[in-house]
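Notes follow once the structure below has been shown.
Coordinate-derived values only; no laboratory data. Everything numeric in this text was worked out from a predicted model, so none of it was measured. In this analysis, Cβ positions are derived from the backbone assuming ideal geometry, glycine residues included, and neighbour counts consider all displayed protein chains.
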Amino acid sequence: SQKIEQNSEALNIQEGKTATLTCNYTNYSPAYLQWYRQDPGRGPVFLLLIRENEKEKRKERLKVTFDTTLKQSLFHITASQPADSATYLCALDEGGYSTLTFGKGTMLLVSP
Amino acid sequence: KAGVTQTPRYLIKTRGQQVTLSCSPISGHRSVSWYQQTPGQGLQFLFEYFSETQRNKGNFPGRFSGRQFSNSRSEMNVSTLELGDSALYLCASSLIGQGTTYEQYFGPGTRLTVT
């Protein structure tokens with residue numbers, strides 16, 4: 001069966017460190033992978049998109065990697081800040097007119 | 001540009017009733033998707049509309065339906081509400097291109113509580 005797995009346990013890190021979140025998938029062939037941030041009681045906000053033929057994508061303090069052999073994406077936030085505390089969702093898109101399928105998300109807590 | 005708006009923001013209904021939720025996408029966005037979010041199941045896809053046509057549908061019972069109007073505004077309807085329908089209902093709009101992916105812009109959601 002198809003599965004998207006993100007760490008269900010919250011990730012606690014100290015301000016200034018690099019946070020690394022994992023998204024693993026099985027029985028999908030995503031053409032694209034997206035990452036979103038969600039704050040409590042609000043809708044998700046788009047952060048980054050990476051294509052299957054891209055290994056890495058960066059935007060300011062954010063970096064995403066995409067390994068189609070390992071079926072895994074890693075999401076990094078460098079120099080993390082308490083304001084980065086939120087739930088981070090990965091979403092797969094198999095391309096064409098398919099829809100986005102979301103993981104359940106990982107909560108990140110950055111303490112000062 | 002104004003973001004995606006959803007009305008109402010909060011709703012309390014009784015089992016057996018029906019409910020209609022509304023979504024206004026970002027101007028120029030023709031694709032509107034609906035999601036149900038619960039703590040146990042996460043974000044689950046309900047359906048997607050493009051140019052007034054439902055193009056994709058998730059694995060939800062027929063009690064869940066939707067439509068899109070010519071101005072791209074969308075509504076979703078849930079009939080015969082059950083306790084398990086209590087959730088945050090999110091609408092997202094996007095630009096859509098043939099064969100390309102798209103980022104989705106989410107509204108704030110409608111929090112539905114069924115008692």
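Assorted remarks:
- When the GluC sites (Glu not before Pro) in the range B:37-115 are filtered for DSSP coil states and for at most 14 other beta-carbon atoms within 10 Å of their beta-carbon, the remaining sites are B:GLU52, B:GLU82.
- Volume per residue that the Cα convex hull of the range A:1-62 spans, once the total is divided by residue count, Å³: 128 Å³
- Under the combined filter of DSSP loop state and at most 11 neighbouring Cβ atoms within 10 Å, the range A:42-75 retains these GluC sites (Glu not before Pro): A:GLU60.
- Magnitude of the charge dipole for the range A:3-111, about its Cα centre and with charges confined to Cβ atoms of Lys, Arg (+1) and Asp, Glu (-1), is about 120 debye.
- Here is the list for the range B:38-102: chymotrypsin sites (Phe, Trp or Tyr not before Pro) lying in DSSP coil, each with at most 13 other C-beta atoms within 10 angstrom of its C-beta, are B:PHE69.
- Summarised as an ellipsoid, chain B has semi-axes of 23, 14, 13 Å, derived from the eigenvalues of the Cα gyration tensor scaled by 5 and square-rooted, with the largest first.
- The mean count of C-beta atoms from other chains within 10 Å of the C-beta of residues in A:37-50, rounded to a whole number, is 4.
- Whole-angstrom gap from the range B:29-68 to the range A:2-44, using each part's C-alpha centre: 22 Å
- For the protein assembly as shown, a simple Cβ point-charge model (Lys and Arg +1, Asp and Glu -1, everything else neutral) yields a dipole of about 340 debye relative to the Cα centre.
- For chain A, the longest site-free run once trypsin sites (Lys or Arg not before Pro) in DSSP loop states with at most 14 other Cβ atoms within 10 Å are removed: A:62-112
- Cα-based Lys pair tally, chain A, threshold under 13 Å, eight or more apart or on separate chains: 4
- Taking every alpha-carbon pair in the range A:3-111 and binning the separations at 5 Å intervals from zero gives 2, 13, 25, 25, 20, 10, 4, 1, 0 percent.
- Evaluated at q = 0.10 Å⁻¹: base-10 log I(q)/I(0), Debye formula over Cα of the protein assembly as shown: -0.46
- Hz values of 3J(HN,Hα) by residue in the range A:4-11 - Karplus curve (6.51, -1.76, 1.60), Gly and Pro given as x: 10, 10, 10, 3, 7, 7, 5, 9
- Dipole in debye (nearest 20) - the range A:60-112, about Cα centre, beta carbon charges: Lys, Arg +1; Asp, Glu -1: 120 debye
- Shielding by partners - mean other protein chain Cβ count within 10 Å, residues of B:37-46: 4
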